[in-house]
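Heads up, the thing below is written out as structure tokens.
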Amino acid sequence: MSRSTRKWGPVTAIAPASAVSEAYRSLRTNLEFSIRGKGLKTIMVASAMPGEGKSTTAANLAVAYARANRRVLLVDANLRSPVQHRMFGLANVNGLSGLLGGAGEFDQAIQPAAVDNLWVLCSGPIPPHPSELLDSAAMTALLRTAGERFDIVLVDTPPLLSVTDALVVAGKCDGVLLVVGAGKLKPDAAWKAKTSLANSKATVIGAVLNGAGR
């Protein structure tokens, strides 16, 4: 049961009986089959280009997992153009950038969402050098701690082909779920994204075609 009734937020939170919410639950089930028995707990939700629905997918997948009684942490590692704090109506004063910069504590930075079993680590203030923060030992340690504390950790990042941030994070996560916007991504861009992930030694566990029914 949600902690409060609000009109904003991911569709899985505000309209759980909708067909779209059911599609996200199916995605959760398929993802569980893909990672079962493999010890994969930290999953980066990625896209090649902006506008493919990566952040929306991450938010809705997080809610779907939480409603299945999993302890879920959603990490907004997009330190350039973060959106998860707006999607969940949370403050973005303390967050990932502060923790990676040595300020604050993990327990104080994560915030409970208006859905039981779901916490969000917002991005925090936008730092001057995001890639360096994400490519730090502090980020590796944070993801390790999150994986020990939660059943599933979903990480939102900038698009793969825009900046290096996502590839840096991909190498630190257990797996990558690639979101592809229907009619948006050209084949050569998709191939470049896949090749970049392979070069970073990331484990691609699946792909989602987003917006195919529109």
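The values are calculated or read from the model by the stated rules, or taken from the named source; none is laboratory data. Computed from a prediction, not measured in an experiment: that's the story for all the values here. Counting neighbours? That spans all protein chains shown, and the Cβs are built from the backbone with ideal geometry, glycine included. Note: areas computed on protein heavy atoms with side chains; ligands, DNA, RNA excluded. Shrake-Rupley method; radii C 1.70, N 1.55, O 1.52, S 1.80 Å.
The set of residues from region 167-198 being part of a helix (DSSP H, G or I) and either under 15 Å from the mean Cα position of the chain (by Cα) or closer than 21 Å to R28 by Cβ (or both) comprises L167, V168, V169, A170. Only residues that are at pLDDT 95 or above, in a loop (DSSP other than H, G, I, E, B) and either out of contact with any Leu (no Cβ under 9 Å at 6 or more places or on another chain) or open to solvent by 80 Å² or more (accessible area, probe 1.4 Å) (or both) were counted in region 127-142, giving 1. Scanning region 75-123 for residues that are farther than 20 Å from G147 by Cβ, open to solvent by 60 Å² or more (accessible area, probe 1.4 Å) and in a helix (DSSP H, G or I) returns a single hit, R86. Of all residues in region 169-184, those satisfying the criterion of being open to solvent by 30 Å² or more (accessible area, probe 1.4 Å), modelled with pLDDT under 95 and either over 27 Å from V120 (Cβ atoms) or touching a helix residue (DSSP H, G or I) at 6+ places or on another chain (Cβ under 7 Å) (or both) are V180, A182, G183.
Of all residues in region 19-61, those that are in contact with a Pro (Cβ under 8 Å, 6 or more places away or on another chain), open to solvent by less than 10 Å² (accessible area, probe 1.4 Å) and not in a strand (DSSP E or B) total 4.
So that you can scan it fast, the table gives a plain yes or no per residue for (1) more than 30 Å from E148 (Cβ to Cβ); (2) of a type in the set (A, V, I, L, M, F, W, C):
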residue	(1), (2)
T164	no, no
L167	no, yes
D174	no, no
L177	no, yes
K192	yes, no
S196	no, no
N199	no, no
T203	no, no
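Here Q111 meets each of (1) in contact with a Leu (Cβ under 7 Å, 6 or more places away or on another chain); (2) under 23 Å from S47 (Cβ atoms); (3) of a type in the set (S, T, N, Q) with one exception, condition (2). Of all residue pairs spaced 6 or more apart or on separate chains, those with beta-carbon atoms under 8 Å, a first member in region 32-53 that is within 16 Å of G147 (Cα to Cα) and a second member that is open to solvent by 60 Å² or more (accessible area, probe 1.4 Å) are L40/T203; K41/D151. With respect to being surrounded by 20 or more Cβ atoms within 10 Å (Cβ to Cβ), closer than 23 Å to A62 by Cα, touching a residue at least 24 places away in the same chain (Cβ under 8 Å) and out of contact with any His (no Cβ under 7 Å at 6 or more places or on another chain), L209 falls outside the description.
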